[in-house]
Amino acid sequence: MASTQSTAAFPSAFPDLNALDRYRVAIATELARIANVAPNLVYAGLDRASTLDFGDLVFAVPRLRVKGIKPQDLAQKLACELKLEGVQPAVVDDIYLRFFFSPSTFMSSLLPQILTQGARYGLNPNVGLRDPSDPSAGRKRMIVEFSSPNIAKKFHAGHLRSTIIGGFLANLFQGSGYDVVRMNYLGDWGRQYGLLACGWQKYGSEEEFARDPIDHLFQVYVKINGDFAPEEEAYKAAKARGEDTAHLENQGLLGEAKRYFARMEEGDQDALALWRRFRDISIQRYRETYARLNIHFDEYSGESQVGQETMGKAEEILKEKGVAETDKGAEIIDFGKHGAKKLGVAIVRNRNGTSNYLLRDVGAAMQRMERYGFDEMLYVVMAEQEQHLKCLFKVMELMGGEHAEKGKGMRHVSFGKVAGMSTRKGTVKFLDDIISDVGGFMHDVMRRNEKKYREVASPEDTAEMLGISAIMVQDMSGKRANNYEYSLERMTAFEGDTGPYLQYAHARLCSIFRKIPDITHQDLLGVDAGTLLGESPHAVRLARIMALYPDMVNHALKTLEPATILTYLFRLTHELSSSYDHLKVVNPEEGREMSIARAALYEAARQTLRNGMVLLGLTPVDRM
Ligand code: ARG
């Protein structure tokens, strides 16, 4: 096979990886010659049609910018002159030229392409190259920061979404040739951990901690927060009245928590030992749970891991540049003075000298620059923190120099809220609770069909996979920015665009191959699919949809939306379900060759579906 690199004239075309690109190159070359314009101009304008009825590729003639002739007339003229191998005569539709691939040549090249590329189909590893024309220049490095729960606190829906979306984005960029670092930035520092330590002194039990550390820590946290609530209210009320709250800050539990946290920041060994125990055991548990989702992190960083010197250095730069100023003993930034009035005023250093969330994020970014020299960094964080991240990016910009430079590669990947996330027993404390709850529900559903249930090798595992798919697909169905309502009923249904439906579509394709054990992969590659299937409208539609997949992956690199892939997969599976009756693999009247050709079609569909599911972070099941 020819090289998988782009062609010199069309740097963004990868004809060996993307069938559409192959046609784009052919059409662009010819159309440019006839219209006497630059081939790249045509290439860039060859879009996918919105539906198959409108063609495979569409070109809007005004893009040629040819003067002195109406675009409608130009379209007619071009269509008459164009003669392309493998493409049917262009259809003129007002100012558009619509191109339909000739089914037989298209089929005979697409199917073997998908079958040989296998798990790589759809991914273009050249995208992440620093210099596409020179692979020795290395790959771009991207940090994807995601999940980032807070130790001892609830794993809430925001963390769930971040985990799902971030896992997908890390797969997407890695598959596209980026050097990806998966990073979990734990909430494991700050006054709230001072408060947890106070709670531990009051309510902690070694016995209960040994039995279920995460659960016990959570209980302790809930209890101490209960104690703290009245104080917190009084404090907030005083603040709202505009009173000076300095004296309140040093009293009661708040004072205790602050003092404890100050000890942690000063490096007090006893204070740190306790905190480290909590952190280590939490990470151990996180690791196990993420593994259930097929997710691993290259680094468990966290707010605690930001060095005092780094934060000191950040402050120094900010002061030197006149960005940070002292206000009543605290260090603040008044963004209004730096062209960003909307960001208001932010504290970077508390009155008692401890760091805060923003300063820690600035320090963390600096450490990541140092350690990874990243080109790009994605913060997969809920929309509520948009303001915070804007402040962070602005601070990087105001720091100037290399910080401002790196800051340009930093992006907030935001997402909306989930309402009503709870288990059947009520509370979600941890990611495990959700996974087990939905998995258990799927298990009950599976058991209702006894015969099928007995055929599944390890029903518990399958139920867990289905449950996870249900949760993830529900989350990825809409655009990130949308809010949605968590619904166990809806997400676990086998009808509609759900995780179980997608898994069912995959398992059904797998079952086809169990019925034809005598047909080998070699047979599939050797079949003359173009001649055998080119006349079948169902087969052609299916193949045309499969050919779109590499474009969809490209598109997702821009939208950063899992829904871009998921919506496509549902389109593919809907087409599949309406094909089965028309395209039977085992049909003695039509002969063995036809069986093989259809099997090749279904195998290519299975591969495409599987690749998309894996990219999304789902684990496709073979039976259910
Ligand atoms: N731990 C934070 C929370 O749960 C999310 C961290 C977001 N990332 C960051 N770099 N600030 O709210």
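It is to be established whether one or more residues within the stretch 418-426 are touching a helix residue (DSSP H, G or I) at 6+ places or on another chain (Cβ under 8 Å), part of a helix (DSSP H, G or I), within 28 Å of Gly158 (Cα to Cα) and away from the ligand (no atom under 16 Å from the Cβ). No: the stretch 418-426 contains no residue that is touching a helix residue (DSSP H, G or I) at 6+ places or on another chain (Cβ under 8 Å), part of a helix (DSSP H, G or I), within 28 Å of Gly158 (Cα to Cα) and away from the ligand (no atom under 16 Å from the Cβ). Has the stretch 485-497 got at least one residue that is surrounded by fewer than 18 Cβ atoms within 10 Å (Cβ to Cβ), over 30 Å from Thr427 (Cβ atoms), basic (Lys, Arg) and in contact with a Ser or Thr (Cβ under 9 Å, 6 or more places away or on another chain)? For the stretch 485-497, residues surrounded by fewer than 18 Cβ atoms within 10 Å (Cβ to Cβ), over 30 Å from Thr427 (Cβ atoms), basic (Lys, Arg) and in contact with a Ser or Thr (Cβ under 9 Å, 6 or more places away or on another chain): absent. Pairs meeting the criteria (first residue in the stretch 392-404 and free of Cβ contacts under 8 Å to residues at least 24 places away in the same chain and in a helix (DSSP H, G or I), second residue more than 14 Å from the ligand (Cβ to nearest atom) and hydrophobic (A, V, I, L, M, F, W, C), beta carbons under 7 Å, at least 6 apart or on different chains) are Glu397/Ala404. Give me the residue from the stretch 363-407 that is near the ligand (Cβ under 10 Å from one of its atoms) and β-branched (Val, Ile, Thr) and, out of that set, nearest to the chain's Cα centre (by Cα). The extreme case among them is Val380. Taken as a whole, the stretch 602-624 holds at least one residue that is modelled with pLDDT of 95 or more, under 28 Å from Asn449 (Cβ atoms), outside any helix (DSSP H, G or I) and of a type in the set (Ser, Thr, Tyr). In the stretch 582-604, the residue that is farthest from the chain's Cα centre (by Cα) out of those that are of a type in the set (Gly, Ala, Ser) and buried (at least 20 other Cβ atoms within 10 Å of the Cβ) is Ser595. Tell me, yes or no, whether the stretch 72-91 has at least one residue that is closer than 30 Å to Leu616 by Cβ and either within 16 Å of the ligand (Cβ to nearest atom) or β-branched (Val, Ile, Thr) (or both). No, every residue in the stretch 72-91 fails to be closer than 30 Å to Leu616 by Cβ and either within 16 Å of the ligand (Cβ to nearest atom) or β-branched (Val, Ile, Thr) (or both). Can you tell me which residue is nearest to Leu123 (Cα to Cα) among those in the stretch 30-44 that are surrounded by 17 or more Cβ atoms within 10 Å (Cβ to Cβ) and without any contact (Cβ under 8 Å) to a residue 24 or more places away in the chain? The selected residue is Val42. Looking for something within 16 Å of the ligand (Cβ to nearest atom), buried (at least 24 other Cβ atoms within 10 Å of the Cβ) and not polar (S, T, N, Q) - is there at least one such residue anywhere in the stretch 171-183? Yes - at least one qualifying residue is present in the stretch 171-183.
The selection criterion, being more than 16 Å from the ligand (Cβ to nearest atom), farther than 16 Å from Leu618 by Cα and in contact (Cβ under 8 Å) with a residue 60 or more places away in the chain, holds for Leu488. Where helices (runs of 4 or more DSSP H) sit wholly within the stretch 137-220, those with at least 2 residues that are among the aliphatic types (A, V, I, L, M) occupy 157-175, 191-203.
The set of residues in the stretch 129-140 that are in contact with a helix residue (DSSP H, G or I) (Cβ under 7 Å, 6 or more places away or on another chain) and not charged (D, E, K, R) contains only Leu129.
The rows are residues; the columns are (1) at pLDDT 95 or above; (2) away from the ligand (no atom under 15 Å from the Cβ); (3) within 25 Å of Ile545 (Cβ to Cβ); (4) in contact with a helix residue (DSSP H, G or I) (Cβ under 6 Å, 6 or more places away or on another chain).
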| residue | (1), (2), (3), (4) |
| --- | --- |
| Ile114 | yes, yes, yes, yes |
| Ala119 | yes, yes, yes, no |
| Val144 | yes, no, no, yes |
| Pro149 | yes, no, no, yes |
| Gly190 | no, no, no, no |
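Here is the figure for the stretch 516-540: residues that are assigned to a loop (DSSP other than H, G, I, E, B) and closer than 15 Å to Ser109 by Cβ total 3. Test Leu78 against the criterion of being of a type outside the set (Lys, Arg), at pLDDT 95 or above and not in a loop (DSSP other than H, G, I, E, B), and give yes or no. Judged against the criteria, Leu78 is a match.
The values are calculated or read from the model by the stated rules, or taken from the named source; none is laboratory data. Note that the structure is predicted; figures quoted are calculated from it, not measured. In this analysis, Cβ positions are derived from the backbone assuming ideal geometry, glycine residues included, and neighbour counts consider all displayed protein chains.
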